[in-house]
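The values are calculated or read from the model by the stated rules, or taken from the named source; none is laboratory data. Values in this document were obtained by computation on a predicted structure and should not be read as measured data. For neighbour counting, all protein chains shown are included, and Cβ atoms are generated from backbone atoms with ideal geometry for every residue, glycine included. The protein model used for the area step is the full one, side chains on, heavy atoms only, and it has no ligands, DNA or RNA in it. Shrake-Rupley method; radii C 1.70, N 1.55, O 1.52, S 1.80 Å.
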Amino acid sequence: MREYQAVVRVRHHGRNLAESSDTLDAVTGELVDYGATAQMWDDVTEWTMTVRVPSLWDVGAVAGRTVRAAYEGAGWPVEVVRVDAWQVAEWEQAKGLSE
């Protein structure tokens, strides 16, 4: 398994997760094993999280399903609209080369 960072953008129409502390706590609790952090706007939230999967091709499916399931568990339907990912080791190596 390789370690990847993923940014998962979800759309939750007509709701702001930052204004619903119970839902935010429920979703964050489901994603705690992934070290997830969020940036929130009206209708959209982006989660940055660590995913351990065999290849880059698996990141979108695993991260997207995980975030969607966390919201559904909290009673909020969402749609995953974007997933970006990169391998952690390659990112660290590239950072070292640029310093």
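State yes or no: is Glu3 within 15 Å of Asp84 (Cα to Cα) and free of Cβ contacts under 8 Å to residues at least 40 places away in the same chain?
no
Pairs, please: C-beta under 6 Å, at least 6 apart or cross-chain, first residue farther than 17 Å from Thr37 by Cβ and in the stretch 48-59, second open to solvent by 30 Å² or more (accessible area, probe 1.4 Å) and part of a helix (DSSP H, G or I)?
Val53/Val62
Could you list all residues from the stretch 37-60 that are open to solvent by 50 Å² or more (accessible area, probe 1.4 Å) and under 15 Å from Arg9 (Cβ atoms)?
Passing the criteria: Thr37, Gln39, Met40, Trp41, Asp42, Asp43.
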